[in-house]
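The values are calculated or read from the model by the stated rules, or taken from the named source; none is laboratory data. Please read these numbers as outputs of a predicted model, since none were measured by experiment. Neighbour counts are summed over all protein chains in view; Cβ atoms, including those assigned to glycine, are modelled from backbone coordinates with ideal geometry. We work out accessible area using only protein heavy atoms, side chains counted, and drop any ligands, DNA or RNA first. Shrake-Rupley method; radii C 1.70, N 1.55, O 1.52, S 1.80 Å.
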Amino acid sequence: MMRTVILISASALALAACSPEAANDSQGDTPAAATATAGEASLPEPGTREAIYAAAAVGPEPFVRAIYDQFTNGGPKGEPPAPGQDPIFSRIMNALIGADFRAANGEVPTLNYNPFCICQDQGEFVVTALAVAQADANAADASVAFTNAGQAKRMELKLVREGGNWKVDDIVDVDGQGSLHDALMKVAEAAG
């Protein structure tokens, strides 16, 4: 009986010593203040690939906004992943992008531009409209209108959720080139 009381007392003391309240009280911080400070310190810089990856776990609208934040913040930064290995794209889109680059065999591939702006070079970039409609828990459509160097463009992004993160499954240039998925599928089919 005495042994049980000692074990229970020791367990309670161990739990109390490890609790966040005890740790915060000894530092004079409140749990909310400590959490806010830690959260602010870990937010990725807007307009970076890290910010896009973080937003992919939050929801389809934050994901699309993060994609276009890279353009409104001066353009994509850093080296993108190898063709067909980009965490922004779905498995299917990555397979098609990889097939396109392999089919090019060292020449210029079909996808030789940034598909989110339909551009190779970026000028002054302004998002004029952005709306996301979530069809179900794992699919959403985004409509984005923007100007790049004074030229107006409208895009539709088809989104899917894979492994808990939102991914781009297709990009449709509403006013021009049409579906990126369809264009890359033709390349893959022709390559055999």
Query - Condition broken by residue 100, with the remaining ones in (1) in a loop (DSSP other than H, G, I, E, B); (2) touching a Ser or Thr at 6+ places or on another chain (Cβ under 6 Å) satisfied - result: (1)
Query raised in the report: residue 95 is checked against (1) under 24 Å from residue 58 (Cα atoms); (2) outside any loop (DSSP other than H, G, I, E, B); (3) not hydroxyl-bearing (Ser, Thr, Tyr) and fails just one. What number does that condition carry?
Result: (1)
Report summary line: Picked from the stretch 139-192 (must be surrounded by 17 or more Cβ atoms within 10 Å (Cβ to Cβ) and among the basic types (Lys, Arg)), the residue nearest to residue 75 (Cα to Cα) is 153
Report summary line: Matching residues in the stretch 68-81 (open to solvent by less than 20 Å² (accessible area, probe 1.4 Å) and of a type in the set (Ser, Thr, Tyr)) number 1
Report task. Considering only residues that are small (Gly, Ala, Ser) and loosely packed, with under 11 Cβ neighbours inside 10 Å, look in the stretch 106-130 and name the one that is farthest from residue 157 (Cα to Cα). Result -> 106
Query raised in the report: For the stretch 55-67, what are the residues that are of a type outside the set (A, V, I, L, M) and crowded, with 22+ Cβ neighbours inside 10 Å?
Result: 60, 63
Report summary line: Of those in the stretch 41-50 that are over 18 Å from residue 117 (Cα atoms) and assigned to a helix (DSSP H, G or I), the residue most open to solvent (accessible area, probe 1.4 Å) is 50
Query raised in the report: Could you say whether any residue in the stretch 82-105 is over 23 Å from residue 182 (Cβ atoms), of a type in the set (Asp, Glu) and either crowded, with 18+ Cβ neighbours inside 10 Å or modelled with pLDDT of 95 or more (or both)?
Result: no
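Every residue, every condition in (1) of a type outside the set (Ser, Thr, Tyr); (2) within 17 Å of residue 65 (Cα to Cα); (3) in a strand (DSSP E or B); (4) touching a Gly at 6+ places or on another chain (Cβ under 7 Å), yes or no:
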position: 86; (1), (2), (3), (4): yes, no, no, no
position: 116; (1), (2), (3), (4): yes, yes, no, no
position: 121; (1), (2), (3), (4): yes, no, no, no
position: 144; (1), (2), (3), (4): yes, yes, yes, no
